[in-house]
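Undergrad: Quick one: structure below, then a few questions.
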Amino acid sequence: MSIPLNDHELFHFYTDHLKNTLLPFWLRSVDWEDGGYFNAYDNSGTHLVSTDKFTWSQGRFVWIYAKLASMDTDIFDQEERCHFLKLAEHGAEFLMKHCLLENGSCTFLMDKRGNPKLAAASNRYDSSIFADCFVIAGLAKYAAVSGDRNNLHFARQLYRSVIGRIQEGSYVTEPYPIPLGYKSHSIPMILLNVTQELYEAEEEVLGVQTEELKNNMLSYMDEICNHFMDEDFVLNEMIGTDNKRVDSLLGRYCNPGHTVEDMWFVVHAALKLNRNSYISKAARTTAKMLELGWDHEFGGIFLFVDREGGPPRGNKEGIAHTSMVKQIEQNWDSKLWWPHSEALYSTMLLYKLTGDTELLAQYNRLHDYSFKTFPNPDRSVGEWIQIRSRSGKPINQVVALPVKDPYHIIRNVILIIELLATKEVITE
């Protein structure tokens, strides 16, 4: 059933969904014995298949609980906020104690007690720089809410390490390495988000607006919008290291969900730095990519599409063996939870900023599809069944990490609730 974009109704809808569907599942997943949180569940959410802890997800948990403790609404009372902050502290302490290796990078995987484990695909501990980035984001958010300077210092030092490794090219991105000759949109995207988290934490805790972080944000926004984004508002997930398009499957494929997630990163940074000219680019790109990515037969957003729409295609010479090409070809038409949750927030945010009725229409069809498809029909379990086939049937499949992850859904539901509670919205 279609739910109209009525702020009052939607506010209560999302508040109920957060409190009664999403949080009950995750609040029972805290490891009070050894620290951190469990999330190696099967797709249905009924079985915990491992007590291993992915650093990537642990950082995300910390961010979620710190954000819940500091929401700009009164949907939680003070006792609940204090509990969320305690949960964030619980994960932050676990990460600061266990996640860092002697080389200054984060381990990608830990056992239950926090001991580092080798990642099978790469046979190394620090197999993805994204793990480092989510630790930075989580600790920065916790520091901003709690005022804890030790967490902020840890996040700042790790940020310097990440920036240094990226500048040197001495980093890896398992389980999907970036092939030689390519640049990935995922790098400036994650750095834009992480830099803003750190910028806002330093602003809150130290009372400073660091020029270095501000300039970094502007640089990442420029790279995203002027190198990865075309003049027709298609955003390419990979381009050549010379900043030019590559005529190959990797050079042609797009990730609509990734793009619309990044567009709200761009909008948040643009509003923070008074660069509102980026908002119209973000709005047009969001509308374009959701139209390219929409499945007009079954509904929902394809995981990957060609830059002209339809299944990804193009030359595979020299890249056919790569894990990214295999992932694109095998799973392009899957329907995943995270692109839909990201698109719900991006379309609502950009509609409110621009008044573009196309974005309103896209929000409405996304809402109808998402809440018909993803929430677990077994309300005693809750959460979302995160991976679906093209036709919407649950499939037991792994994407990137063998875990359920609360990050995208809860983060976007929180942001939507805050947006709906906002009395005034800045427009261009």
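The values are calculated or read from the model by the stated rules, or taken from the named source; none is laboratory data. Everything quoted here is computed from the prediction, not taken from an experiment. Reconstructed Cβ throughout: ideal geometry from the backbone, glycine too, with neighbour counts over all protein chains shown. For the accessible areas, the whole protein counts, side chains as well, though only heavy atoms, and no ligand, DNA or RNA atoms are used. Shrake-Rupley method; radii C 1.70, N 1.55, O 1.52, S 1.80 Å.
Undergrad: Could you say which residue among LEU349, LEU366 is in contact with a His (Cβ under 7 Å, 6 or more places away or on another chain), surrounded by 21 or more Cβ atoms within 10 Å (Cβ to Cβ) and either polar (S, T, N, Q) or modelled with pLDDT of 95 or more (or both)?
TA: LEU366
Undergrad: If a residue must be closer than 20 Å to ASP77 by Cα and in contact with a Phe, Trp or Tyr (Cβ under 6 Å, 6 or more places away or on another chain), how many such residues does the range 7-38 contain?
TA: Final tally of qualifying residues: 0.
Undergrad: Sticking with this structure for a sec: Within the range 149-163, identify whether any single residue is on the phi < 0 side of the Ramachandran plot and in a loop (DSSP other than H, G, I, E, B), and answer yes or no.
TA: In the first step, residues of the range 149-163 are kept if they are on the phi < 0 side of the Ramachandran plot; the result is 149-163.
Within this subset, residues satisfying the condition of being in a loop (DSSP other than H, G, I, E, B) are none.
So far as the range 149-163 goes, no, none of its residues is on the phi < 0 side of the Ramachandran plot and in a loop (DSSP other than H, G, I, E, B).
Undergrad: Let me ask something else about it. Against the conditions (1) open to solvent by less than 50 Å² (accessible area, probe 1.4 Å); (2) farther than 28 Å from VAL172 by Cα; (3) outside any loop (DSSP other than H, G, I, E, B); (4) not hydroxyl-bearing (Ser, Thr, Tyr), where does VAL260 fall short? Just the number, please.
TA: Failing condition for VAL260: (2).
Undergrad: Taking the options GLU211, GLU197, GLU223, GLU168, name whichever one is closer than 25 Å to ILE64 by Cβ and acidic (Asp, Glu).
TA: After ruling out the rest, the residue left standing is GLU197.
Undergrad: Would you pick out the residues in the range 117-144 that are touching a Ser or Thr at 6+ places or on another chain (Cβ under 8 Å) and open to solvent by less than 20 Å² (accessible area, probe 1.4 Å)?
TA: Matches in the range 117-144: ALA119, SER128, ILE129, ALA131, ASP132, PHE134, VAL135.
Undergrad: Given the criteria surrounded by fewer than 22 Cβ atoms within 10 Å (Cβ to Cβ) and part of a loop (DSSP other than H, G, I, E, B), does ASP378 qualify? First the steps, then the outcome.
TA: Values: surrounded by fewer than 22 Cβ atoms within 10 Å (Cβ to Cβ): yes; part of a loop (DSSP other than H, G, I, E, B): yes.
Yes.
Undergrad: Do any residues in the range 223-251 that are surrounded by 20 or more Cβ atoms within 10 Å (Cβ to Cβ) have Cβ atoms under 9 Å from those of residues that are in a loop (DSSP other than H, G, I, E, B) and among the aromatic types (Phe, Trp, Tyr), where the two are at least six apart or on different chains, and which pairs are they?
TA: That search, which allows pairs on different chains as well, returns GLU237/PHE304.
Undergrad: For the range 186-209, indicate whether the set of residues that are out of contact with any helix residue (DSSP H, G or I) (no Cβ under 7 Å at 6 or more places or on another chain) and of a type in the set (A, V, I, L, M) is non-empty.
TA: So far as the range 186-209 goes, yes, one or more of its residues are out of contact with any helix residue (DSSP H, G or I) (no Cβ under 7 Å at 6 or more places or on another chain) and of a type in the set (A, V, I, L, M).
Undergrad: Let me ask another. Report, by residue number, each residue of the range 295-324 that is among the aromatic types (Phe, Trp, Tyr) and either in contact with a Lys or Arg (Cβ under 6 Å, 6 or more places away or on another chain) or at positive phi (or both). Lay out the reasoning, then the answer.
TA: First, the residues of the range 295-324 that are among the aromatic types (Phe, Trp, Tyr): 298, 302, 304.
Hit for the range 295-324 is PHE298, nothing else.
Undergrad: Looking at the range 299-325, which of the residues that are assigned to a helix (DSSP H, G or I) and either at pLDDT 95 or above or surrounded by 16 or more Cβ atoms within 10 Å (Cβ to Cβ) (or both) is farthest from the chain's Cα centre (by Cα)?
TA: Pass one, the range 299-325, residues assigned to a helix (DSSP H, G or I): 323-325.
Filter once more, so that each one left must be either at pLDDT 95 or above or surrounded by 16 or more Cβ atoms within 10 Å (Cβ to Cβ) (or both): 324-325.
Numbers: MET324: 18, VAL325: 21 Å.
Here the residue is VAL325.
Undergrad: When the residues of the range 3-58 are narrowed to those that are small (Gly, Ala, Ser) and at pLDDT 95 or above, which ends up surrounded by the fewest Cβ atoms within 10 Å (Cβ to Cβ)? Spell out how you get there, then give the answer.
TA: From the range 3-58, those small (Gly, Ala, Ser) are 29, 35-36, 40, 44-45, 50, 57; that's our starting set.
Narrowing the set further to residues that are at pLDDT 95 or above leaves 29, 35-36, 57.
Working: SER29: 16, GLY35: 21, GLY36: 30, SER57: 24.
The extreme case among them is SER29.
Undergrad: Among all residue pairs at least 6 apart or on different chains, which show Cβ distances below 9 Å where the first residue, located in the range 335-363, is free of Cβ contacts under 8 Å to residues at least 24 places away in the same chain and the second is open to solvent by 10 Å² or more (accessible area, probe 1.4 Å)?
TA: THR357/TYR351
Undergrad: Residues GLU291, GLU342: which one is under 25 Å from LEU360 (Cα atoms), acidic (Asp, Glu), assigned to a helix (DSSP H, G or I) and open to solvent by less than 10 Å² (accessible area, probe 1.4 Å)? Walk me through it before giving the result.
TA: On the way: GLU291 fails: open to solvent by less than 10 Å² (accessible area, probe 1.4 Å).
That would be GLU342, the only listed residue that is under 25 Å from LEU360 (Cα atoms), acidic (Asp, Glu), assigned to a helix (DSSP H, G or I) and open to solvent by less than 10 Å² (accessible area, probe 1.4 Å).
Undergrad: Please work out if LEU191 is open to solvent by less than 20 Å² (accessible area, probe 1.4 Å) and modelled with pLDDT of 95 or more.
TA: Details: open to solvent by less than 20 Å² (accessible area, probe 1.4 Å): yes; modelled with pLDDT of 95 or more: yes.
Here the answer is yes, as LEU191 does meet what is asked.
Undergrad: Of all the residues that make up the range 194-222, how many are open to solvent by 10 Å² or more (accessible area, probe 1.4 Å) and of a type in the set (Gly, Ala, Ser)?
TA: Of the residues in that region, 2 qualify.
Undergrad: Inside the range 86-116, can you point out the residues that are open to solvent by 70 Å² or more (accessible area, probe 1.4 Å) and either in a helix (DSSP H, G or I) or over 21 Å from ILE163 (Cα atoms) (or both)?
TA: Matches in the range 86-116: LYS86, GLU89, GLU93, LYS97, ARG113, ASN115.
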